[in-house]
Amino acid sequence: MSKTEQFLAELADIVGETACVTDEQALEPHVTEWRNVLHGRALAMVSPASTAQVADVVRLCAKTGVAIVPQGGNTGLCGGAIPDESGEQLILSLSRLDSIRSIDPEDFSMVAEAGCILASLQQAARAVDRYFPLSLSAEGSCQIGGNLATNAGGINVIRYGNARQQVLGLEVVLADGSIIDGLRSLPKDNAGYDLKQLFIGSEGTLGIITAATLRLYPEPEETTTLLVTLPDAGSAVTLLARVREKLGDRIESFELISRLAFELVDRHIGGVTLPFEPSGDWFVLTEVATGDAEAPLERLLEEAFEDGLVEDAVIAKNMAEAEALWRVRHAISEAQKFEGPSIKHDISVPVGRMRLFLERCAERLERQEPSARPVIFGHVGDGNLHYNLTVPEEVAADANRISAVTKTIYDLVAELGGSFSAEHGIGVTKRAWLKEYRGSTELALMRQLKHALDPQGLLNPGKVI
């Protein structure tokens with residue numbers, strides 16, 4: 001028996017034969033990024049059913065020197081969950097770790113395993129009259145372990161914060177197979193370093209998250225969803241400032257969307273229809289916890305109309321209309337995939353400089369690549385935009401032109417004190433940009449942390465740094 005055969009046999013002994021997959025056809029969805037941009041090969045994929053099995057697999061890999069690629073729902077956008085092309089890396093799927101171990105409405109917390117689907121966690125919280133606020137387009141298929149490994153953002157960051165803010169404790173398997181059992185639900189715990197923060201956003205390069213204690217909230221009060229038409233994109237920043245001034249922290253979400261983004265959804269996504277006729281080029285889709293703030297919201301809109309800050313407004317009359325608006329928003333990424341090649345950028349800038357960024361970026365790209373069509377949408381409430389460009393085939397086929405466009409955008413982001421990666425992480429596709437836009441001291445510290453926690457470099461090698 002060869003070393004590889006022996007290794008695969010030992011894996012099967014740990015997780016069971018049916019949970020150790022080597023068939024190339026069965027592996028195909030797990031070695032390909034969902035946009036069909038990145039492809040890899042894998043030695044095998046294992047799906048442990050418990051944290052103990054994860055630890056056993058990791059110990060075996062540490063002994064044999066086999067690299068591990070942790071994988072959740074494989075909905076990432078930077079290739080962080082895809083193996084390389086060597087065919088020698090092992091995919092470790094967390095999909096079978098899908099239990100909610102406990103939920104405590106009085107403690108406002110739940111303990112969920114890494115393979116739990118995000119939408120299922122939202123539903124479980126609602127079943128006990130609680131609210132889990134993390135919400136993003138892929139919530140029907142993404143897994144909470146991947147959400148935490150990338151520090152996912154989504155539409156509710158403005159009020160509740162990123163995934164990082166939703167975590168009270170973590171269970172993590174380290175590179176040597178040892179387990180950190182940190183599933184505490186304490187809002188206050190200053191007993192040494194806050195180790196969980198090392199692993200949130202580390203994309204599986206420092207340890208494998210197997211479970212988390214998550215923060216729950218009271219069910220939101222009555223909300224109002226509205227879509228407003230703006231005279232220009234920059235007006236979103238002024239409108240946001242007014243809403244914050246008048247309504248404080250009642251803003252659940254505040255999304256800027258370009259007309260082209262809506263048109264792509266209408267053109268390509270079956271069953272998702274626009275419940276309105278777009279009357280302008282720029283829109284804000286916002287959800288506000290109204291309750292006793294309905295009158296202030298109406299006055300705010302009246303003043304915005306009078307000042308020319310808002311040109312039109314559509315207010316959802318009921319839950320069905322609100323959900324229809326959000327379905328359109330969540331379908332934008334999928335719709336762009338069908339329109340042709342695109343260059344995607346997940347950037348953030350200080351909210352106060354968002355208008356300046358949008359104006360300057362449009363001017364620079366018009367000169368540099370006039371054939372590119374901006375498909376812009378995102379969480380302007382927290383300064384995060386998905387600044388995507390649909391481009392002709394000849395542009396997409398030229399790596400130098402793509403890189404030049406991206407550098408133009410990222411340089412402007414850096415000038416304005418922003419980040420070239422807001423919520424999608426680094427993965428494979430942004431490693432070179434991390435080297436360019438992060439200081440040498442920061443990078444050196446990242447490498448020291450990586451070496452200290454994963455001295456053999458077996459956890460998701462080639463990702464982040």
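The values are calculated or read from the model by the stated rules, or taken from the named source; none is laboratory data. Note that the structure is predicted; figures quoted are calculated from it, not measured. Reconstructed Cβ throughout: ideal geometry from the backbone, glycine too, with neighbour counts over all protein chains shown.
Taken over the stretch 200-242, residues that are within 30 Å of LYS450 (Cβ to Cβ) and among the hydrophobic types (A, V, I, L, M, F, W, C) amount to 7. Set side by side, the residues ALA316, ALA320 differ, and just one is exposed (fewer than 14 other Cβ atoms within 10 Å of the Cβ), small (Gly, Ala, Ser) and at pLDDT below 95, which is ALA320. Screening GLU113 against (1) surrounded by fewer than 19 Cβ atoms within 10 Å (Cβ to Cβ); (2) charged (D, E, K, R); (3) touching a residue at least 60 places away in the same chain (Cβ under 8 Å) leaves a single unmet condition, (1). Scanning the stretch 334-362 for residues that are over 27 Å from GLU415 (Cα atoms) and either buried (at least 20 other Cβ atoms within 10 Å of the Cβ) or in contact with a Gly (Cβ under 7 Å, 6 or more places away or on another chain) (or both) turns up ALA335, GLN336.
Among THR4, THR51, THR32, which is the only one that is under 27 Å from LYS344 (Cα atoms) and of a type in the set (Ser, Thr, Tyr)? Being under 27 Å from LYS344 (Cα atoms) and of a type in the set (Ser, Thr, Tyr) holds for just one of THR4, THR51, THR32, which is THR32. LEU264 meets the stated requirement of being buried (at least 16 other Cβ atoms within 10 Å of the Cβ) and closer than 28 Å to CYS142 by Cα. State which residue pairs qualify: first residue over 16 Å from VAL328 (Cα atoms) and inside the stretch 221-235, second residue among the acidic types (Asp, Glu) and buried (at least 19 other Cβ atoms within 10 Å of the Cβ) in any location, beta carbons under 9 Å apart, and separation of 6 or more residues or different chains. Matching pairs, first to second residue: THR223/GLU252; THR223/GLU287; THR224/GLU287. Selection of first residues in the stretch 140-167 that are of a type in the set (D, E, K, R) and of second residues that are modelled with pLDDT of 95 or more and in a loop (DSSP other than H, G, I, E, B), restricted to Cβ pairs under 6 Å at least 6 apart or on distinct chains, gives the following pairs, ordered by first then second residue: ARG164/ASN151; ARG164/ILE200. The residue list GLU222, GLU245 contains one member that is modelled with pLDDT under 90 and surrounded by fewer than 16 Cβ atoms within 10 Å (Cβ to Cβ), which is GLU222. Here THR273 fulfils each of the conditions (1) in contact with a His (Cβ under 7 Å, 6 or more places away or on another chain); (2) under 19 Å from GLU339 (Cβ atoms) apart from (1).
Go through the stretch 322-348 and give me each residue that's farther than 18 Å from GLU393 by Cβ, out of contact with any strand residue (DSSP E or B) (no Cβ under 8 Å at 6 or more places or on another chain) and not charged (D, E, K, R). Passing the criteria: ALA324, VAL328, HIS330, ALA331, ALA335.
In a residue-by-residue description of the stretch 46-60, the property of being in contact with a helix residue (DSSP H, G or I) (Cβ under 8 Å, 6 or more places away or on another chain), surrounded by fewer than 20 Cβ atoms within 10 Å (Cβ to Cβ), assigned to a loop (DSSP other than H, G, I, E, B) and not charged (D, E, K, R) applies to at least one position.
None of SER371, SER440, SER421, SER403 is closer than 30 Å to LEU247 by Cα and among the hydroxyl-bearing types (Ser, Thr, Tyr) except SER421. When GLU369, GLU393, GLU415, GLU363 are checked against the criterion of being farther than 23 Å from LEU77 by Cα and in contact (Cβ under 8 Å) with a residue 24 or more places away in the chain, GLU369 stands alone in meeting it.
Do we find that ALA138 is buried (at least 21 other Cβ atoms within 10 Å of the Cβ) and out of contact with any Pro (no Cβ under 9 Å at 6 or more places or on another chain) in this structure? Yes.
Okay, residues lined up against (1) surrounded by fewer than 20 Cβ atoms within 10 Å (Cβ to Cβ); (2) in a helix (DSSP H, G or I); (3) acidic (Asp, Glu):
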site: GLU252; (1), (2), (3): no, no, yes
site: ILE257; (1), (2), (3): no, no, no
site: LEU274; (1), (2), (3): yes, no, no
site: VAL284; (1), (2), (3): no, no, no
site: GLU298; (1), (2), (3): yes, yes, yes
site: PHE305; (1), (2), (3): yes, yes, no
site: LEU309; (1), (2), (3): yes, no, no
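Taking (1) in a helix (DSSP H, G or I); (2) more than 26 Å from the chain's Cα centre (by Cα); (3) closer than 21 Å to PRO231 by Cβ in turn, LEU356 satisfies each apart from (2).
Determine, yes or no, whether ILE68 is outside the structural domain of ILE179 (by TED's automatic domain parsing), over 21 Å from ASP84 (Cα atoms) and out of contact with any Ser or Thr (no Cβ under 9 Å at 6 or more places or on another chain). No. Of all residues in the stretch 410-447, exactly one satisfies the criterion of being modelled with pLDDT under 95, part of a loop (DSSP other than H, G, I, E, B) and hydroxyl-bearing (Ser, Thr, Tyr), namely THR429.
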